[in-house]
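The values are calculated or read from the model by the stated rules, or taken from the named source; none is laboratory data. The shown structure was predicted, so the numbers you read here are calculated from the model rather than taken from an experiment. A quick note on method: Cβ atoms are made from the backbone with ideal geometry, for glycine too, and the neighbour counts reach across all protein chains shown. The area values use the complete protein model at the heavy-atom level, side chains included, leaving out ligands, DNA and RNA. Shrake-Rupley method; radii C 1.70, N 1.55, O 1.52, S 1.80 Å.
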Amino acid sequence: MVNDDAPDITAAQVRAARGWLCWTQDELARRSGLSQRSVARFELEISAPYASTVAALRKAFEDQGICFEFEGTEGKGMRVR
């Protein structure tokens with residue numbers, strides 16, 4: 001279940017979680033229902049993402065047991081549940 005009150009995940013956290021799961025951008029796109037281009041743009045911080053994009057990415061990871069860690073509103077890392 002995604003915590004809607006939590007801060008937004010960061011591009012670095014997405015890259016780390018994707019690496020931990022050995023997922024390609026294509027795999028993350030498939031599991032999140034996004035395009036590979038959306039995943040790449042998020043990871044490269046090309047533009048501000050839609051809230052729905054962040055939520056879809058977060059849910060894809062949290063469904064696999066990834067928990068994101070924050071210090072205040074700043075993303076600090078991730079761990080496996």
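Points worth noting:
- Residues of segment 43-69 satisfying the condition of being polar (S, T, N, Q) and either open to solvent by less than 70 Å² (accessible area, probe 1.4 Å) or within 11 Å of the chain's Cα centre (by Cα) (or both): Ser47, Thr53
- Whichever residue in segment 36-81 is in contact with an Asp or Glu (Cβ under 7 Å, 6 or more places away or on another chain) and within 22 Å of Asp26 (Cβ to Cβ) and, among such residues, is modelled with the highest pLDDT: Gln36
- Against the numbered list (1) open to solvent by 50 Å² or more (accessible area, probe 1.4 Å); (2) within 11 Å of the chain's Cα centre (by Cα), Ala11 comes up short only at (1).
- So Ala17, is it modelled with pLDDT of 95 or more and open to solvent by less than 30 Å² (accessible area, probe 1.4 Å): yes
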